[in-house]
Amino acid sequence: MKPIIQVKDVHFRYSGEEHLPPVLNGASLEIEEGSFVVILGHNGSGKSTLAKHLNGILIPNEGCVLVDGMDTRDASKLLDIRRTVGMVFQNPDNQMVASVVEDDVAFAPENLGIPPKEIRSRVDEALKLVDMYEYRLHAPHLLSGGQKQRVAIAGVIAMRPRCIVLDEPTAMLDPAGRQEVIGTIKRLCRENGITIVLITHHMNEAVDADKVFVMSNGRVISQGTPKEVFSNVEFLKSEGLTVPDTAELLYKLRLSGIDLPAEALSIEECAQAIAAALK
Amino acid sequence: MLKDITLGQYFPGNSFIHRLDPRTKLLFIIVYITALFVSKSYVTYGILLLVLAVSIAVSKIRLSAIFKGLKPLMFIMIFTAILNLFYTKGGTELFSFWVFTVTTKGVEFAFFMVLRIMMLISGTFLLTYTTTPMALTDGMELLLTPFKKLHVPVHEFSMMMSIALRFIPTLIEEADKITNAQKARGADFETGKLTDRAKALLPLLVPLFVSAFRRADELAIAMESRCYHGGEGRTRMKKLKMAAPDILTLVFSALMLAVIIILARFGI
Ligand SMILES: Nc1ncnc2c1ncn2[C@@H]1O[C@H](COP(=O)(O)OP(=O)(O)OP(=O)(O)O)[C@@H](O)[C@H]1O
Ligand SMILES: [Mg+2]
């Protein structure tokens with residue numbers, strides 16, 4: 001499959017911070033269309049900065065970012081890039097522009113100059129996809145965190161993007177809200193073929209990913225399937241990261257001398273591995 | 001205190017007034033306010049009060065909601081009343097003490113003044129209660145379209161309005177949270193001299209502003225990410241349309257203004 005996003009050796013500093021080390025320092029990665037990708041990294045490793053490069057909010061100082069072959073440095077392509085790669089942020093309150101759910105979802109297609117009838121059908125479709133259709137006439141500030149975040153996702157889906165980047169979308173949610181949001185984005189990826197790039201601190205959300213990237217000090221230091229990445233527990237810990245609960249459990253059992261595989265990540269697999277070892 | 005602010009609140013409904021085009025409602029309220037300022041007598045005030053009462057009845061908005069909107073403005077009304085009471089000369093003297101005299105004219109003037117403010121505000125609240133903020137700002141934008149030729153940033157203005165209305169509840173909630181956090185640390189907002197209380201507000205306002213700026217920053221990025229690039233080439237999901245009831249309402253408002261002006265001309 002061909003990559004939808006290519007990040008090639010990107011260097012970046014925020015203006016006015018020239019005396020500090022660069023925030024992105026040779027970051028490179030490729031994201032395949034239709035895949036579910038998770039980006040991990042300690043606080044300040046440059047994940048959010050990288051995310052903002054993926055739809056041309058920030059432009060690299062050096063290197064380049066290609067979205068479906070379009071260079072983000074090309075200002076004439078900016079709108080096409082942004083409708084291809086949608087972005088959802090941490091705080092749902094700060095992404096909503098309208099006082100009624102359906103008006104908010106309509107915002108992006110309105111900006112794209114789509115005819116009213118088609119906006120209506122896109123809005124209904126997007127709200128149904130995230131299971132918020134019954135709430136279309138509600139005021140966003142009265143919804144729960146998980147519901148707000150799903151409305152934010154609908155607002156992006158209404159652009160019909162091929163990729164959605166989510167920067168810690170569950171950081172401000174309770175466990176139930178987190179489930180709602182993660183379930184929704186997984187469904188969008190598996191059933192609707194939308195490429196998902198999820199930035200998160202919750203390792204358990206990374207278990208089902210097709211590919212995991214680990215960032216540190218502005219570059220990608222490790223990548224692979226979750227099994228590959230999480231089997232190296234010591235390395236991740238040295239980078240200030242935790243690992244999924246299952247990997248942590250197996251790691252501790254292995255340290256105490258029980259012979260267990262490192263790559264049983266789902267709870268099922270983990271339970272079976274331990275059961276097998278106990279026999 | 002902050003919870004009392006109901007500006008920008010919308011009560012969903014399907015009444016005749018709810019269904020009117022926001023432009024009609026905006027024009028009507030402008031005409032109504034003009035008529036209020038032309039009015040000078042019991043008769044004309046009576047007519048306008050009747051129009052307001054009928055409008056409220058038709059809209060099915062509860063009277064208590066209107067009064068709730070008036071409550072935070074009680075202070076301004078009392079202040080206006082007192083000012084007019086003491087500073088209007090003429091008519092027969094009712095009583096006087098020290099440097100103040102109260103005359104019949106003063107009482108009448110104060111009464112009209114307060115009535116005018118109350119009617120003006122009730123009318124405006126009826127507008128915001130029956131119109132979604134989005135429709136309201138869209139209506140404003142369309143009404144002001146001619147000014148775009150003069151390079152007035154009409155679209156930006158209406159976008160700012162609608163975002164402000166959207167964030168009122170969010171910021172009120174946040175102010176409440178900060179107030180409680182400061183109270184938990186021993187801040188006292190309710191007692192003491194006025195200057196002390198004003199000073200106590202500082203630790204409330206500073207974090208509120210800081211957070212508002214952070215929100216604005218994030219919102220701008222989120223809007224750009226959703227392809228916002230100004231008003232050019234933008235379409236709307238809900239296109240505003242004027243229909244027969246709108247024409248009817250506008251004709252009625254013109255008649256109402258004409259009647260009030262003519263009556264005022266004859267000193268009624
Ligand atoms: N708007 C900005 N202006 C200046 N510096 C910034 C800005 N945003 C982030 N930084 C700096 O860039 C560095 C990387 O920040 P970034 O937000 O990309 O990290 P992150 O990996 O997303 O961290 P977190 O896990 O906390 O979200 C930090 O040192 C931060 O101080
Ligand atoms: Mg971040």
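The values are calculated or read from the model by the stated rules, or taken from the named source; none is laboratory data. Fair warning: this is a prediction, and the values are worked out from it, not measured in the lab. All Cβ positions, even for glycine, are placed from backbone atoms using ideal geometry, and neighbour counts span all protein chains on display. Ligands, DNA and RNA are stripped out before the accessible areas are found, and what is left, the full protein with its side chains, is counted by its heavy atoms. Shrake-Rupley method; radii C 1.70, N 1.55, O 1.52, S 1.80 Å.
A few comments on the model shown:
- Whichever aspartates and glutamates have a C-alpha closer than 18 Å to that of B:Lys177, once near sequence neighbours (fewer than 8 apart) are set aside: A:Asp93, B:Asp4, B:Asp188, B:Glu190
- Solvent-accessible surface (1.4 angstrom probe) belonging to B:Lys71, in square angstrom, nearest 10: 110 Å²
- In plain terms, the chain from A:Ala171 to A:Ala277 could stretch by 34.6 nm, reckoned as 0.36 nm per residue minus the Cα-Cα distance.
- Only helices enter the 222 nm calculation for the protein assembly as shown: every DSSP H run of n ≥ 4 contributes -39,500 (n - 2.57), and dividing by all residues gives -17000 deg cm²/dmol, rounded to 500.
- Counting only residues at least eight positions apart within a chain, or on another chain, the lysines with an alpha carbon under 19 Å from that of B:Lys40 are B:Lys89, B:Lys105.
- Relative contact order (%) - criterion: Cα under 8 Å, at least six apart; region: chain B: 31 percent
- Placing B:Phe157, A:Phe36 in order of accessible area, with the largest value first and a 1.4 Å probe, yields B:Phe157, A:Phe36.
- Spin-label zone in region B:136-158 - amide nitrogen under 19 Å from a point set 7 Å from the Cα of B:Ala212 along the C-beta vector: B:157-158
- The slack between A:Ile221 and A:Ser121, meaning 0.36 nm per residue of separation minus the straight C-alpha distance, is 31.7 nm.
- Fraction of accessible area attributable to carbon and sulfur, region B:2-265 (%, probe 1.4 Å): 72 percent
- Distance from region A:52-80 to region A:113-152 (C-alpha centre basis), Å: 28 Å
- Flagged links, alpha-carbon separation over 25 Å, of A:Lys52/B:Lys149; B:Lys60/B:Lys241; A:Lys128/A:Lys148; A:Lys52/B:Lys238; A:Lys186/A:Lys227; B:Lys71/B:Lys241: A:Lys52/B:Lys149; A:Lys52/B:Lys238; B:Lys71/B:Lys241
- Where a label projected 7 Å from the Cα of B:Lys60 along Cα→Cβ would reach, residues of region B:92-123 with amide N under 14 Å: none
- If R0 is 22 Å, the Cβ-Cβ spacing of A:Glu32 and A:Arg187 corresponds to a FRET efficiency of close to 0.70.
- Of all the options B:Leu205, B:Leu26, B:Leu36, the one that moves most in a Gaussian network model of chain B with Cα springs shorter than 10 angstrom is B:Leu205.
- Top of A:Gly63, A:Gly218, A:Gly146 by mean-square fluctuation, Gaussian network on chain A, Cα under 10 Å: A:Gly63
- Most mobile listed residue (A:Ala158, A:Ala75, A:Ala108) in chain A, GNM with C-alpha springs under 10 Å: A:Ala75
- Exercise: per-residue mean of other protein chain Cβ atoms within 10 Å, B:209-221: 2
- Cβ neighbours within 10 Å from other chains - mean over B:161-169: 4
- Counting heavy atoms of the protein chains alone, B:Ile33 has an accessible area of about 50 Å² for a 1.4 Å probe.
- log10 of Debye I(q)/I(0), alpha-carbon scatterers only, for region B:2-265 at 0.14 Å⁻¹: -1.17
- Charge dipole (debye, nearest 20) of region B:1-153; +1 at Cβ of Lys and Arg, -1 at Cβ of Asp and Glu: 180 debye
- Between 0 and 90°, nearest 10: helix A:245-255 axis offset from chain A longest Cα axis: 20 degrees
- From the largest down, chain A spans 65, 47, 35 angstrom on the principal axes of its Cα atoms.
- Solvent-accessible heavy-atom area per residue, rounded to whole Å², over the protein assembly as shown at 1.4 Å: 50 Å²
- Selected from A:Val88, A:Asn61, A:Val101, residue furthest toward positive end of dipole (region A:44-116; charges at beta carbon): A:Asn61
- Applying 1/(1 + (r/R0)^6) with r as the Cβ-Cβ distance of B:Leu150 and B:Val38 and R0 = 45 angstrom yields a FRET efficiency of 0.95.
- Each Cα pair under 8 Å and six or more residues apart adds its sequence gap; the mean of these over the residue count of region A:3-226 is a relative contact order of 29 percent.
- Euclidean distance of C-alpha centroids, region B:224-248 and region B:67-99, integer Å: 44 Å
- In the context of the full protein assembly, A:Glu30 retains an accessible surface of approximately 100 Å², using a probe radius of 1.4 Å and ignoring ligands and nucleic acids.
- Qualifying trypsin sites (Lys or Arg not before Pro) in region B:56-108, where qualification requires a DSSP coil assignment and no more than 14 other C-beta atoms within 10 Å, comprise B:Lys60, B:Arg62, B:Lys89.
- Taking θ as phi - 60° and the Karplus parameters 6.51, -1.76 and 1.60, the scalar couplings of region A:42-59 work out to 5, 4, x, 7, x, 5, 5, 4, 4, 4, 5, 7, 6, 10, x, 5, 10, 10 Hz in sequence order, x denoting glycine and proline.
- Kirkwood Rh (inverse of mean 1/r, distinct Cα pairs), the protein assembly as shown, angstrom: 27.5 Å
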